[in-house]
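All of the numbers you see were taken from the coordinates with simple rules; none came from a lab. Everything numeric in this text was worked out from a predicted model, so none of it was measured. Here the Cβ positions follow ideal geometry from the backbone for every residue, glycine too, while neighbour counts run over all protein chains shown.
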Amino acid sequence: MKKKIVFATNNKHKLEEISQIVGDHFEILSLKDIQCEDEIPETADTFEGNALQKAAYIHEKYGMDCFADDSGLEVEALNNAPGVFSARYSGGGSEKNMDKLLDELKDKSSRRAQFRTVIALILEDEVSYFEGIVKGEILESRHGSEGFGYDPLFRPDGYSETFAEMDSAQKNKISHRGKATQLLIQYLNSRI
Ligand code: IMP
């Protein structure tokens, strides 16, 4: 029988990405699947804190095994900003976020950056964390139209394309979220 685990997110991109990686052993339920329409608080100042806050909310309210993730872009020359503020960096959505990032990096010599994901899992009342990192460069202009967020500006090390020029299967293999999810799945498999 498939094991049911709630993924505490409403983000369709993430549900699709994770469902592609998860395979057949687990049934991932979304917040919609469990009829949760709450605005889940996300007020910590670290990825770990936010991920745990979301997973704990669902675990406490519904008593189900649950995981949640928090991710963002960390740019070396900006002291790891935007970090946990990645979604709200400019206050105006992805296009404005990218404009602000390009502007902030105008006079910087380094354009090194990384995407980082932390997943917090609560399984049988035990908390575990899984981290995924992908390092790369912020380009000077947008390339590609796939993906979301900062994808058109981020070129992972070892590739000539940005995340927005890759299809989702290719991105999943190397992305921060893909790596964290692989670790989560390995762990879940070890617990079957
Ligand atoms: P979240 O915690 O995964 O929702 O990510 C927060 C924000 O980080 C997103 O709204 C994006 O701005 C940025 N981000 C996280 N992952 C990615 C990605 O894979 N590509 C582009 N932007 C991302």
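Couple of notes before you dig in:
- Each Cα pair under 8 Å and six or more residues apart adds its separation to the average, and for the range 3-191 the resulting relative contact order is 18 percent.
- Rounded to the nearest whole Hz, the Karplus-based 3J(HN,Hα) values (6.51 cos²θ - 1.76 cosθ + 1.60, θ = phi - 60°) of the range 60-71 follow the sequence 5, 6, 10, x, 10, 4, 7, 9, 9, 10, 9, 9, with x at glycine and proline.
- 0 to 90° range, to nearest 10: angle between helix 93-104 axis and the chain longest Cα axis: 40
- Neighbour cut-off at most 13 other Cβ (10 Å), DSSP loop, trypsin sites (Lys or Arg not before Pro), the range 3-50: K32
- For the chain, the longest principal axis of the alpha carbon atoms and the long axis of helix 12-22 meet at an angle near 60°.
- Proximal lysines relative to K108, as straight alpha-carbon distance under 28 Å, when same-chain residues fewer than 8 apart are discounted: K96, K100, K135, K171
- E131/F85 FRET efficiency (R0 25 Å; Cβ-Cβ; nearest 0.05): 0.85
- Across R142, R177, R88, mean-square fluctuation computed from a Gaussian network of the chain (C-alpha pairs under 10 Å connected) peaks at R88.
- Fully extended contour minus Cα-Cα distance, from K108 to N10, at 0.36 nm per residue: 31.7 nm
- Amide proton proximity set for V127, modelled H, under 5 Å, gap of 5+: none
- Loop-located GluC sites (Glu not before Pro) in the range 23-92 (DSSP state other than H, G, I, E, B) with a sparse environment of at most 13 neighbouring Cβ atoms within 10 Å: E37, E39.
- Nearest 10 degrees, 0 to 90: helix 176-190 Cα axis against the chain principal axis: 20
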